[in-house]
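Below is one structure, written out as structure tokens, with a few remarks after it.
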Amino acid sequence: MRNFLFRFINLIWGLFLFAVGIVLTMKANIGFAPWDVLHSGLSERTGISFGTISILIGLLICVLVVLLGEKLGLGTVLNMVLIGSFIDLLLKADIIPMARGFVPGLIEITLGLFVIAFGSYFYIKAGFGAGPRDYLMIVLRRRTRLSVGVSRGLVEGTAVLLGWLLGGPVGGGTVLAAFGISLCIQIVFSLLKFEPAAVQHETLTVTWQRLRKDMASN
């Protein structure tokens with residue numbers, strides 16, 4: 001049970017950091033990150049909050065990847081629900097300042113990308129499953145045999161295109177985020193000597209079985 005709680009805390013902390021990083025990239029005011037362009041465009045068109053749109057998009061992707069044969073984990077579900085909820089809370093609290101000018105915006109979006117990288121470390125380390133958008137990349141790679149980089153690029157590019165068509169804010173920060181997030185993740189993971197491919201992720205069924213076993217043993 002102690003091990004489960006430790007992993008669960010890592011998961012929640014990682015998702016919170018991920019949300020903080022996203023809000024930082026938004027407040028940089030030089031163009032949103034790829035998926036956030038789509039979320040913003042849909043939010044503007046529908047009047048639904050940014051965080052709720054993020055949750056709904058995650059839900060649709062989860063349904064799609066399940067239909068395509070993928071199995072979801074606890075982390076997938078909480079990723080879908082909590083990141084959007086945390087984003088709404090952070091935006092409502094308005095504790096992260098809006099950057100005024102390109103240089104402050106560049107600093108803020110770079111900080112946001114590193115915070116996202118640290119959030120990814122804690123979230124992936126927990127081993128509760130990949131996020132909905134990560135699964136979309138995985139499905140594309142398996143179905144097309146394209147490289148991970150190309151698959152991720154196609155997913156991110158599609159999100160940007162759809163978001164731009166819906167009126168989402170595309171700018172220099174969008175390009176920086178699309179290419180910079182990989183570099184930031186590489187730097188953070190290298191500093192922490194973390195190999196994400198070595199993590200054994202659990203499905204919802206396995207997590208529930210382990211939790212019941214731990215509870216019974218106590």
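The values are calculated or read from the model by the stated rules, or taken from the named source; none is laboratory data. This one's a predicted model, so the numbers in the text were calculated from it and none came from an experiment. With ideal geometry, Cβ positions are generated from the backbone for all residues, glycine too; neighbour counts draw on all protein chains shown.
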Check residue 130 against each of (1) of a type outside the set (Asp, Glu); (2) modelled with pLDDT of 85 or more; (3) touching a helix residue (DSSP H, G or I) at 6+ places or on another chain (Cβ under 7 Å) and name the one condition it does not meet.
-> (2)
Expected single match for buried (at least 17 other Cβ atoms within 10 Å of the Cβ) and of a type in the set (Gly, Ala, Ser) among 167, 131, 172 is 131
Got at least one residue in segment 34-46 being charged (D, E, K, R), buried (at least 20 other Cβ atoms within 10 Å of the Cβ) and over 19 Å from residue 132 (Cα atoms)?
-> no
Hits in segment 113-127 - residues which are crowded, with 23+ Cβ neighbours inside 10 Å and either at pLDDT 95 or above or in a loop (DSSP other than H, G, I, E, B) (or both) = 126
First in segment 28-43 and outside any helix (DSSP H, G or I), second anywhere and surrounded by 24 or more Cβ atoms within 10 Å (Cβ to Cβ) and of a type in the set (A, V, I, L, M, F, W, C), Cβ under 6 Å, 6 or more apart | 28/109; 32/26; 33/177
Check off (1) at pLDDT 85 or above; (2) part of a helix (DSSP H, G or I) for residue 142 and give me the number that stays unchecked.
-> (1)
When residues of segment 145-176 are limited to those that are among the small types (Gly, Ala, Ser) and in a helix (DSSP H, G or I), the one nearest to residue 114 (Cα to Cα) | 173
